[in-house]
Every structure is written in C-alpha cells, then in structure tokens.
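To start, the structure under review is shown below, and the notes come after it.
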Amino acid sequence: MKKRALTLLLALAMIVSLAACGGGGGGPAGSYKMTKMNAAGVEMNIEDLAAMAGVDMTVTLELKSDGNFTLDMSALGTGSNVSGTWTASGNTVTLSSEGEDIAATLNGNTLVMEQDGQSLTFEKQ
C-alpha cells in the first residue's frame, strides 16, 4: 500500500510541476492549500496520502493581487516552485507559466485544476 501511495505522490509531483499559472484580478487573489487530488478515478485527501506514504507534504498556491502567482510544493524532504501569471474570467482562473496555460474552476473558496483526467483541489486559506 505504501508503494502505491508513493507512486501517487510522485505522480502528483509530476502533475504539479506541469501546472502553469497566469495574470491578474483581485477576487480570486489569496493563498490556497491543496487538500485533495483525483488520479485515475481515485480521490485522495492529501493529509491521508501523506500519512500513508509516511512523508510531510504541502502544496500551496499563492495568487497575488498583482496578477502573479507562485505554486510551492514540499514533499519527501525536497521542495520546488513554479511561478507565472494568472487571469480570471467569471469562475475560470487561467494560470500561465513558461508558455503553458492551465484553467482552473473557482467555486467559492475552492479552486480545482483539471488536466488529462486528473484534478487537484485547493482551498483558500
């Protein structure tokens, strides 16, 4: 079971490293913490996943009011971050980084990024 959790954690790291974020607006601005992920039809709470894998894991997304963002991930004793710009239109937040865009859906304080049948859910802090 730990190997499967570790595999999912590594898959999450790859997904997050591919997530690119985009420019400005005030409404969605703020700090978000990833709370769950869904991969291959399996939904996992991040705290449960981290506990099963025996690692501390934190993924935060900061949408700054100036239209910039940072996505920070810490797991397995290492950290990485991605930065870029963000824009909002209705309930869609588009994150842009290194020439790539990813759309996320904002519903209240919940931001969901979906790509290739996988999703990451962030809650505003």
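The values are calculated or read from the model by the stated rules, or taken from the named source; none is laboratory data. As the structure is a computational prediction, the values presented were derived from the model and not from experiment. So basically every Cβ, Gly included, is an ideal-geometry build from the backbone, and we count neighbours across all protein chains shown.
Some values worked out for this structure:
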{"quantity": "Residue in region 76-83 that is of a type outside the set (Asp, Glu), surrounded by 14 or more Cβ atoms within 10 Å (Cβ to Cβ) and modelled with pLDDT of 95 or more present", "calculated": "yes"}
{"quantity": "Residue match in region 64-75 (condition: farther than 18 Å from Ser31 by Cβ and small (Gly, Ala, Ser))", "calculated": "yes"}
{"quantity": "Test set (1) out of contact with any strand residue (DSSP E or B) (no Cβ under 7 Å at 6 or more places or on another chain); (2) of a type outside the set (Phe, Trp, Tyr); (3) surrounded by fewer than 17 Cβ atoms within 10 Å (Cβ to Cβ) - Asp101 fails condition number", "calculated": "(1)"}
{"quantity": "Matching residues in region 104-125 - criterion: being surrounded by 14 or more Cβ atoms within 10 Å (Cβ to Cβ), farther than 18 Å from Gly30 by Cβ and among the charged types (D, E, K, R)", "calculated": "Glu114"}
{"quantity": "Pairs where the first residue, in region 99-125, is without any contact (Cβ under 8 Å) to a residue 12 or more places away in the chain and the second is β-branched (Val, Ile, Thr) and outside any strand (DSSP E or B), C-beta under 9 Å, 6+ apart", "calculated": "Asp116/Ile15"}
{"quantity": "Failed condition for Val42, given (1) modelled with pLDDT of 65 or more; (2) surrounded by fewer than 18 Cβ atoms within 10 Å (Cβ to Cβ); (3) more than 21 Å from Gly117 (Cβ to Cβ)", "calculated": "(3)"}
